[in-house]
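Colleague: Take this structure first; my questions come after.
The values are calculated or read from the model by the stated rules, or taken from the named source; none is laboratory data. Keep in mind the model is a prediction, meaning the values are calculated, not measured. Virtual Cβ from ideal backbone geometry, glycine too; neighbours counted across all protein chains shown.
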């Protein structure tokens, strides 16, 4: 009770106070001592206290309290006035609560909507991990190891379906467009990396960007590829692929669509591929640093298919092909020539 501002209470405040009601109704010793002490301090609102006291005693008493007719009339007016003021105050409080609740709800909804439209979903595939991602539009993305895919949380509400990739992924894009000459909002699908932008409607393609070099391989459908560094655009047909160097220029490489998508079946197809390039791929996929004791070993070229389902299988193959001993120390692997 001592924490309540009784010195500023009006009659209706006393009538609404549960501690005051308990004092009048039951007269517990502790309550009587508190209120007697409070009255002795002669607070400025003592009149409101007495009005509330008499009103409650009239309500709670079994017998009639002897008061003058004029006091009864004034008291009745005070009671009605107190009730009206109390009811108005209660309604004002209720309106304030409703308004504040509504304002809070609006702010909450606005915050959520802002978060929903501004935030990004980020999906990572760790080292030695392949991960299948289902996009909100029904498209599928298979992430290769050590790759990151991100897209807007409000994916289906954007003018176009757009994702960003760091690493390598195979895309199966759901075709939404029925009339290619009239592309509607949300039908165009765009995959972007630091180096290129790939635009499609519905197709399957492989996209890879590591060490500032990019490869795009089309399996089905039709895509348009733009180098973000040169601005040049290229249209690919099924089975075509295109490579870009660090400057964003198109480069020629002797590869096929099969070699670029072999990772989906857990292998690497090499055709006169340098050992150093194979080891770099291994580093990207498994997170190791590989050190050769002979630089000439890195220039050796290999043909064939190498399993990349596990680091052990790949290292076993290289160990026998290159005739080297393998030593692993933490995240570093040493290949030492046996000769």
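Matching residues to (1) loosely packed, with under 13 Cβ neighbours inside 10 Å; (2) touching a strand residue (DSSP E or B) at 6+ places or on another chain (Cβ under 8 Å); (3) without any contact (Cβ under 8 Å) to a residue 12 or more places away in the chain; (4) on the phi > 0 side of the Ramachandran plot:
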site: 250; (1), (2), (3), (4): no, yes, no, no
site: 265; (1), (2), (3), (4): yes, no, yes, no
site: 270; (1), (2), (3), (4): no, yes, no, no
site: 298; (1), (2), (3), (4): no, yes, no, no
site: 304; (1), (2), (3), (4): yes, yes, no, yes
site: 308; (1), (2), (3), (4): no, yes, no, no
site: 333; (1), (2), (3), (4): no, yes, no, no
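Colleague: Of the residues 133, 141, 113, only one is within 30 Å of residue 165 (Cβ to Cβ), surrounded by 11 or more Cβ atoms within 10 Å (Cβ to Cβ) and at pLDDT below 70; which?
Modeller: Details: 133 fails: at pLDDT below 70; 141 fails: at pLDDT below 70.
Unique residue meeting the criteria: 113.
Colleague: Let me ask something else. Residues to consider are 202, 186, 167; find the one that is surrounded by 16 or more Cβ atoms within 10 Å (Cβ to Cβ), at pLDDT below 90 and closer than 19 Å to residue 261 by Cβ.
Modeller: On the way: 186 fails: closer than 19 Å to residue 261 by Cβ; 167 fails: at pLDDT below 90.
Exactly one of 202, 186, 167 is surrounded by 16 or more Cβ atoms within 10 Å (Cβ to Cβ), at pLDDT below 90 and closer than 19 Å to residue 261 by Cβ, namely 202.
Colleague: Without any contact (Cβ under 8 Å) to a residue 24 or more places away in the chain, under 38 Å from the mean Cα position of the chain (by Cα) and not in a loop (DSSP other than H, G, I, E, B): does that describe residue 230? Explain how you work it out, then say what you get.
Modeller: Details: without any contact (Cβ under 8 Å) to a residue 24 or more places away in the chain: yes; under 38 Å from the mean Cα position of the chain (by Cα): yes; not in a loop (DSSP other than H, G, I, E, B): no.
Criteria not met by residue 230.
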